[in-house]
1. Just name the residue that is farthest from Tyr203 (Cα to Cα) out of those in the stretch 131-144 that are at pLDDT 90 or above and surrounded by fewer than 14 Cβ atoms within 10 Å (Cβ to Cβ).
2. On the given criteria, is Gly423 open to solvent by less than 50 Å² (accessible area, probe 1.4 Å), closer than 25 Å to Arg147 by Cβ and small (Gly, Ala, Ser)?
3. At least 3 residues that are surrounded by 17 or more Cβ atoms within 10 Å (Cβ to Cβ) in each: list the strands (runs of 3 or more DSSP E) lying fully within the stretch 36-106 that qualify.
4. Of all residues in the stretch 235-247, which are touching a helix residue (DSSP H, G or I) at 6+ places or on another chain (Cβ under 9 Å), open to solvent by 60 Å² or more (accessible area, probe 1.4 Å) and of a type outside the set (Phe, Trp, Tyr)?
5. Confirm whether Tyr319 is under 30 Å from Tyr371 (Cβ atoms), touching a residue at least 12 places away in the same chain (Cβ under 8 Å), out of contact with any helix residue (DSSP H, G or I) (no Cβ under 8 Å at 6 or more places or on another chain) and open to solvent by 60 Å² or more (accessible area, probe 1.4 Å).
6. Being in contact with a strand residue (DSSP E or B) (Cβ under 6 Å, 6 or more places away or on another chain), open to solvent by 30 Å² or more (accessible area, probe 1.4 Å) and more than 28 Å from Glu447 (Cβ to Cβ): is that true of Val306 here?
7. Looking at Arg2, Arg32 in this structure, which one is of a type in the set (Lys, Arg), open to solvent by 40 Å² or more (accessible area, probe 1.4 Å) and modelled with pLDDT of 95 or more?
8. Write out, first by first residue and then by second, each pair whose Cβ atoms fall under 9 Å of each other, whose residues are 6+ apart or on separate chains, and whose first residue, in the stretch 332-353, is at pLDDT below 85 while the second is open to solvent by less than 70 Å² (accessible area, probe 1.4 Å) and in a loop (DSSP other than H, G, I, E, B).
Amino acid sequence: MRDVKYRLETFTLYDYRGVERHLEAMEAKGWRLEKTGNLWKYRRTEPKKVHYAVTYVPEASEFNPAPTAGQENLAELCAAAGWEKAADWFQMQIFRSEQPDPMPLETEETVRLEVLQRSIRKNFLPSSLLLTVLGAVMLAQQIWSIRQDPIGTLSRTSRLFPILLWLLVVFSAGGNLLDYALWLRRSKKSVAQGGPCAPGGGYRWLAKVSWAVLGVLLVGYAASMLGESSPQMLAFVGVYFALTLLLIALVRGTQKGLRRAGASKHLNMGLTLAVDVVGALVLIGGLMAVVTLGIFRYHWFQRTPVDTYDTGNYVFHIYHDELPLTIEDLTGETYSGYSYERTEDASFLLGRLEGEQWHVPDGTDAPELDYEILDVKVGFLYDWCLEQYLEEYADDQEREYRPEDPSPWGAEAAYRLWWDEEGYHRWILCFDGRIVKLDPDWTLTPEQMALAGERLSG
């Protein structure tokens with residue numbers, strides 16, 4: 001039977017009543033608070049009824065080398081009243097008493113609310129505001145990436161993950177700020193009428209939802225990486241997360257080590273920030289530099305080709321992937337010197353398959369073919385995706401897609417690219433839940449159109 005338990009608590013700094021009730025319930029179960037932090041540490045003890053009380057010291061900080069004069073004076077006064085210091089959590093000071101009816105630590109609600117507000121301004125508000133603003137900026141950047149490559153972004157879970165993650169950050173941090181603002185409004189009204197501060201706790205459902213969603217996102221991201229990435233990319237992601245955890249450990253270790261060494265608050269904050277910045281540049285930045293060099297110089301993360309074709313100036317990689325439609329299918333003829341390349345991406349919104357059949361540049365006048373198949377898994381996105389395809393040349397006055405007769409393809413709708421008033425060999429075909437962008441470099445016969453529509457319609 002273990003005697004120590006660690007718990008990830010989701011309290012906010014202003015929910016003193018929630019902390020008191022929770023710790024009293026833990027004592028009744030035989031678990032006594034020993035230490036706070038990222039994880040709260042509890043030690044097994046004899047179950048008993050113990051009273052807990054929370055108060056605040058605004059000048060307290062995790063960067064202080066020792067308890068402030070205010071913390072020491074408070075501990076002495078509380079000890080005289082029968083309260084034992086249990087722990088502190090930022091500006092929150094936690095006391096316990098085994099007396100059946102101990103003297104209250106706070107008797108003036110106006111003073112409690114004023115001190116609590118000062119404490120919140122020291123810790124909770126700056127960090128929550130910074131996180132909300134950072135999340136909003138990063139979310140805007142991710143939304144911009146959707147505008148630049150909407151279908152490519154929405155068809156890959158690994159590219160959707162940052163969008164959903166930063167949306168969760170804004171939802172969580174912004175929600176906490178809103179909950180505090182509402183709590184403060186209720187508390188001011190209650191105290192002005194001679195009552196106590198309002199009970200907190202509205203943030204708890206937000207925390208539960210946020211952690212649950214984060215868990216789903218992480219599982220989904222891991223699954224998408226396994227499905228989308230090469231072993232080298234998976235190794236890179238693993239190293240990236242390992243270095244991130246190492247950086248966090250270095251920063252926390254620096255802060256705690258300087259505190260134990262007696263460094264002043266401002267020196268501790270400055271050196272910890274320096275370790276954070278330099279560590280990020282060296283560890284994370286260094287890793288990205290190495291990977292960038294590997295991609296461009298050593299062709300990391302690329303599939304192994306079945307063959308190569310060297311022109312003397314450039315080496316072409318040849319692949320023999322299975323394609324749903326080939327030139328041989330359409331023409332009935334057999335060719336050599338082709339590369340068959342298939343690329344697939346999928347998310348819970350879209351599935352995309354790109355097929356390309358190209359000939360090595362050996363002077364042979366051989367036909368080439370490429371196409372893109374988009375499976376729309378969420379119905380309301382269909383018209384939007386079709387619009388993205390049709391507006392590919394929206395800024396080009398010489399090129400546009402025009403409706404054509406879909407019957408030769410067996411499609412629901414068909415659009416052909418017109419270039420300088422001349423029909424081009426590029427088509428967009430609409431089927432049930434599927435959009436196909438087809439680009440042969442020759443004019444298809446009606447029989448070839450029917451076969452292409454049959455093979456690509458799914």
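The values are calculated or read from the model by the stated rules, or taken from the named source; none is laboratory data. In this text the structure is predicted, and so the values were computed from the model without any measurement. Note that we place each Cβ from the backbone using ideal geometry, even for glycine, and neighbour counts take in every protein chain shown. Side chains are part of the model used for accessible areas, which takes the heavy atoms of the whole protein and leaves out ligands, DNA and RNA. Shrake-Rupley method; radii C 1.70, N 1.55, O 1.52, S 1.80 Å.
1. The selected residue is Ala140.
2. no
3. Details: elements: 40-44, 51-56, 84-89, 92-97.
Here the list reads 51-56, 84-89, 92-97.
4. Initially, the stretch 235-247 is screened for residues touching a helix residue (DSSP H, G or I) at 6+ places or on another chain (Cβ under 9 Å), giving 236-237, 239-240, 243-244, 246-247.
From the residues that got through so far, the ones that are open to solvent by 60 Å² or more (accessible area, probe 1.4 Å) too are 239-240, 246.
Answer for the stretch 235-247, where residues must be touching a helix residue (DSSP H, G or I) at 6+ places or on another chain (Cβ under 9 Å), open to solvent by 60 Å² or more (accessible area, probe 1.4 Å) and of a type outside the set (Phe, Trp, Tyr): Val239, Leu246.
5. On the way: under 30 Å from Tyr371 (Cβ atoms): yes; touching a residue at least 12 places away in the same chain (Cβ under 8 Å): yes; out of contact with any helix residue (DSSP H, G or I) (no Cβ under 8 Å at 6 or more places or on another chain): yes; open to solvent by 60 Å² or more (accessible area, probe 1.4 Å): no.
No; evaluated as a whole, the condition is false for this residue.
6. Numbers: in contact with a strand residue (DSSP E or B) (Cβ under 6 Å, 6 or more places away or on another chain): yes; open to solvent by 30 Å² or more (accessible area, probe 1.4 Å): yes; more than 28 Å from Glu447 (Cβ to Cβ): yes.
Yes.
7. Numbers: Arg2 fails: modelled with pLDDT of 95 or more.
Only one candidate qualifies: Arg32.
8. Tyr335/Ala366; Tyr335/Pro367
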